[in-house]
1. From the helices alone, meaning DSSP H stretches of at least four residues, give me the mean residue ellipticity at 222 nm for chain B, per-run term -39500 (n - 2.57), in deg cm²/dmol to the nearest 500.
2. Hey, rough spin-label estimate for A:L282 and A:R369, points 7 angstrom out along Cα→Cβ, what's it come to in nanometres?
3. Under a GNM of chain A (C-alpha, springs under 10 Å), which listed residue has the highest mean-square fluctuation: A:A153, A:A267, A:A301?
4. Among DSSP beta bridges lying fully in the protein assembly as shown, give the percent that are antiparallel, nearest 5.
5. At a probe radius of 1.4 Å, figure out the A/B buried accessible area, summed over both chains, and give it in Å² to the nearest 100.
6. Using the reciprocal of the averaged 1/r over all distinct C-alpha pairs, how large is the Kirkwood radius of chain B in Å?
7. Considering all projection directions equally, how large on average is the shadow of the alpha-carbon convex hull of segment B:296-370, in square nanometres?
8. Run the numbers on segment B:296-370 and let me know its relative contact order in percent, using alpha-carbon pairs under 8 Å that are six or more apart.
Amino acid sequence: MSPSSLHLAVALDGTGWHPASWREPVARPRELFTAGYWADLVAEAERGLLDFVTIEDGLGPQSSRFLDPDERTDQVRGRLDAVLIASRVAPLTRHIGLVPTAVVTHTEPFHISKAIATLDYVSTGRAGLRVQITARPNEAAHFGRRTIPRIEAYDSPESQELVADLFDEAADYVEAVRRLWDSWEDDAEIRDADTGRFIDRDKLHYIDFEGKHFSVKGPSITPRPPQGQPLVTALGHQTVPYRLIARQADVGYITPQDTDQARAIVAEIRAEQEAAGRADGLLHVFGDLVVFLDDDPAEAAARRDRLDALAGEPYQSDARVFTGTPTQLADLLGEFRSAGLTGFRLRPAVLGHDLPAITRGLVPELQRRGAFRTAYEADTLRGLLGLARPANRYAAA
Amino acid sequence: MSKPLKQIHLAAHFPGVNNTTVWSDPEAGSHIEFSSFAHFAKTAERAKFDFLFLAEGLRLREQGGKIYDLDVVGRPDTFTILAALAAVTEHLGLTGTINSTFNEPYEVARQFASLDHLSGGRSAWNVVTSWDAFTGENFRRGGFLPQEERYSRAKEFLATTQELFDSWHGDEILADQASGVFLRDAKAGSFVHTGQHFDIQGQFNVPRSPQGRPVVFQAGDSEEGREFAASSADAIFSRHATLEGGQAFYADVKNRLAKYGRRHDQLLILPAASFALADTDAEAEELARIVRRQQVSGATALKHLEFVWNRDLSSYDPEGPLPDIDPDVSENHISKGRAQVRMYRDPLATAREWRELAAANNWSIRDLVIHTGNRQNFIGSAETVARTINEYVQADASDGFILVPHITPTGLDAFADKVVPLLQEQGVFRTEYEGPTLRHQLGLAHPDETPAEGRLAS
Ligand SMILES: Cc1cc2nc3c(=O)[nH]c(=O)nc-3n(C[C@H](O)[C@H](O)[C@H](O)COP(=O)(O)O)c2cc1C
């Protein structure tokens, strides 16, 4: 593979990222809750040799509002658990990485750690995790263990403090999860018939994690997964989440609107990475883009207009929204790369349309330019991303 | 007139963390790689079994303050492995043991509803109630319960998840592309639950799944456990797989159903059972003897005695007599993380009984553990095993069995090839699956066809 190769992931959510996407003839909205629907999407992504798919999730109904449910009936509502979807499709695929979302504000690190380790076993080394926090009071009420105060003004000191606290907790969470993955050394299972010992218990470790919000004893009940450390990823829009990415992630997703902004964010993340003592570690920074792709740019624009009209309002996103041809998108990705991005997570506006446009339009275009792989070159997700299998932190050197 | 033949239910327990698994056998493969689970599940499905069963333990067991290293250690996450198995099977039910103390209802309901969707209606939940602080150290809630609250939380947990499952009726998703109506009802999934253990409200975000709710199993043997099962479960995973023990348990639990307005056929009794199968009965007896000695090494025998004695017995000779000191009856500090079994709750009586047994038979410590421990339930040729299983079921010792082979992952192969055809010939076991969902295999009604009243009455 050429050293200039970029990495590509695709973000799967419902029928696509445009809220009216489900109304397109290709959308299959009645099949959203079937295994076949997800298996087909991931198979398509794998046909395009993509590095991985992410699968969105949430602990409450989707909403067009940031913090509250909206009670709308004209958009897709309802979701299956992302880890289970990833696991259900794992045996049907061979190469592509599977990165489900976990909402770390309410789930147990012990449970997520073993779930992702197991996803790594069932996919033989292709598991990852996207960590997400939630500040939604309604989702906290689904658990009833803690109340999350309502954010009234985003820039008020109280809400800044709340968000910073939730991200600190997420950093602790990832730390606990990573220690649990290392809590078994790779060769802990010895099956020594002579002494009757199945494991060498000196190679199992209590993680003794103590944080502000929780503690976890360990070791995991699941042995160290094939990749040692499955991929950890997170999305960030501001310094606080950039710090989480810099401290704990293997891949960070950012949402720059242009190359200057991309360059500035990458510089900020690299500085945080250095401050966290990880300057030498390979940390990918991916740009997130929503994409409407057609062979004719006017067609893509018309499609976007048509969907906006169905939705009753213009589509807005945290990420830049790209409308155009695969060739134009390849140009844009090239520009962004020069600003220091190492890959992209594309969010198809309509999965049934824009995912095949990525795999059958964008990918061949990138390949022509020598900027994307022509065959899977590794068996594990870390391998695809050029990340070494990490040494176990507990193993005696 | 004789009563009509009962149909036998058969399921397979993936052999893992327990002292029945013989990991030292040259045939024994990985207990953690997916290929093992896939092989095992496909064998169970080839044999037309009702379901595959996974146990769970949320902390590695310890003995004398150290991680227990003599049995298989380590297992995968239950939901994740079952979802993956849904991809390599079509009809087999997928039963996961999930603890009600170290989880939250909203999350578990989402996971089971998701598994039910992703498997086309094959999910089942074995609700267990292990409650101890030792396990709680792995959870951020620091969660543990006083023992007497384990079933009160379990009962409310189960009732709450059922409220969540029932918060969708199944007709809400219209997805009409022309009119632009995706949801018929903006309030789909709304719930409010106020109780002793959970105060939660909001909207459940997984639409109603093919089975409506997963099939519910209960495992636990106390008075409260039996009442919980009689009031709320579709099936029991029990320990009582001998003829007399099984019959007593069967009668006891089935007789409790009436008080909850339920019929005998609304709760299946499915004990765990192990087997030794060979070409002849004599060879099977020999195999059973060898397996028992593999399962119980001298070191294992001493550890086993330590659970009861609650003392370090490492200085004793496993080939010698039982300790003449009594068990330490203070809080158990030797053995941690084992499911609590009643045998260990009256250690003095158990020790007395075991000493008498050993003396009467001239048994060493190891002999005693071999004889009192996991004796294979069904030993013999395929003909003998098929006949015995059928006799037990027809005599109401159970409604079938959850088989626990001693080898991973091939331990079911011979049973599938040799015993199942005989049961089919006798007309007591299916030759084709009864329908797409696990409820079809178990002969259980879809929850929408039975009124919910009478269930979960507290
Ligand atoms: C046959 C059987 C199987 C069990 N399997 C598990 C298990 O896999 N995981 C677990 O945490 N507890 C398991 N338990 C323990 C029960 O959940 C429960 O904690 C314990 O038995 C106490 O309930 P009881 O007093 O009603 O027996 C099992 C119990 C029985 C009888």
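1. Working: 14 runs with 156 residues, N = 458.
That comes out to -10500 deg cm²/dmol.
2. For the pair A:L282/A:R369, the computed spacing is 2.2 nm.
3. A:A153
4. Values: 16 of 86 bridges.
Bridges in the protein assembly as shown are about 20 percent antiparallel.
5. Details: alone 17290 and 20320 Å², together 31190 Å².
About 6400 Å² of accessible surface is lost on pairing.
6. Working: mean 1/r = 0.0429 Å⁻¹.
Every distinct Cα pair counted, the radius reaches 23.3 Å.
7. On the way: hull surface 18.4 nm².
Hull-based average projected area comes out at 4.6 nm².
8. Working: 86 pairs, mean separation 32.0, N = 75.
In percent, rounded to a whole number, it is 43.
The values are calculated or read from the model by the stated rules, or taken from the named source; none is laboratory data. None of the values given here were measured: they were computed from a predicted structure. For neighbour counting, all protein chains shown are included, and Cβ atoms are generated from backbone atoms with ideal geometry for every residue, glycine included. Accessible surface is based on the protein model in full, side chains and every heavy atom, while ligands, DNA and RNA are left aside. Shrake-Rupley method; radii C 1.70, N 1.55, O 1.52, S 1.80 Å.
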